[in-house]
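Okay, so here's the structure we're looking at.
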Amino acid sequence: MKKDKTVEKQVKEIVDRYGAEKSSLIAILQDMQGAFGYLPKDALIFLNEVVDVPLARIYEVATFYNAFSLTPRGKYLVEVCAGTACHVTGALTLMERLERDLEIRCGETTGDGMFTLEQVRCLGCCSLAPVMRIGGNIHAYLTQDEIPKILRNYRQ
Ligand code: FES
């Protein structure tokens, strides 16, 4: 496979920022996620060449944290909370409505690249349940009837 020098250059710049140490891995991956919008396979392989961390460990960290994605995400990340408080107040209905309206399944990205739909464990604001977060904004006490309008606002 032909190496992408642009990807390597960007990864190298990020690594230089934090140092090629094991303890810098999460900070490096955060910046890579920000730079590429996800963690491309070739970028992770190159990262393994320049930091003192086994590739298996890099993948372990990259797949453990919800902030990281191995596939391209849409412009807006739609996170539906499925924690206990949200679950008992209708999270499943919200997810079903979002899947229907966005015409994707949880974990997928819309064809226009606008939205990626994901489920998360708890967004830390259980008293506002049920909640979803879009592009970092919390939508509280949500009902499925509000979803079309909310999505329209982000599309504009
Ligand atoms: S359970 Fe949904 S915010 Fe905590």
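Side notes on the structure shown:
- Sparse-neighbour loop sites [GluC sites (Glu not before Pro); the stretch 75-156; at most 13 other C-beta within 10 Å; DSSP]: 103
- Simple spin-label estimate for residue 114 and residue 57 in nanometres, 7 Å along Cα-Cβ: 4.3
- One decimal place: the segment residue 27-residue 99 gains 22.7 nm when fully extended, by the rule 0.36 nm per residue minus the C-alpha distance.
- Loop-located GluC sites (Glu not before Pro) across the stretch 1-52 with a Cβ neighbour count of 14 or fewer within 10 Å are 21, with loop assigned by DSSP.
- Nearest 10 degrees, 0 to 90: helix 5-18 Cα axis against the chain principal axis: 90
- For residue 9, a cut-off of 19 angstrom between C-alpha atoms picks up these lysines, skipping any fewer than 8 places away in its own chain: 41.
- Loop-located chymotrypsin sites (Phe, Trp or Tyr not before Pro) in the stretch 40-74, at most 15 other Cβ atoms within 10 Å (DSSP): 65
- Interchain or long-range residues, amide H under 5 Å from residue 120's placed H: 80, 81, 82
- Nearest 10 degrees, 0 to 90: helix 91-102 Cα axis against the chain principal axis: 80
- The stretch 91-156 and the stretch 1-79: distance between their alpha carbon centers, rounded to Å: 26
- GNM result for the chain, Cα springs below 10 Å: residue of 98, 44, 55 fluctuating most strongly: 55
- Angle between the chain longest axis and helix 25-36 axis [Cα atoms, degrees, rounded to 10]: 70
All of the numbers you see were taken from the coordinates with simple rules; none came from a lab. Only a predicted model underlies this, so the values are computations on that prediction, with no experimental measurement involved. Backbone-built Cβ (ideal geometry, glycine too); neighbour counts: all protein chains shown.
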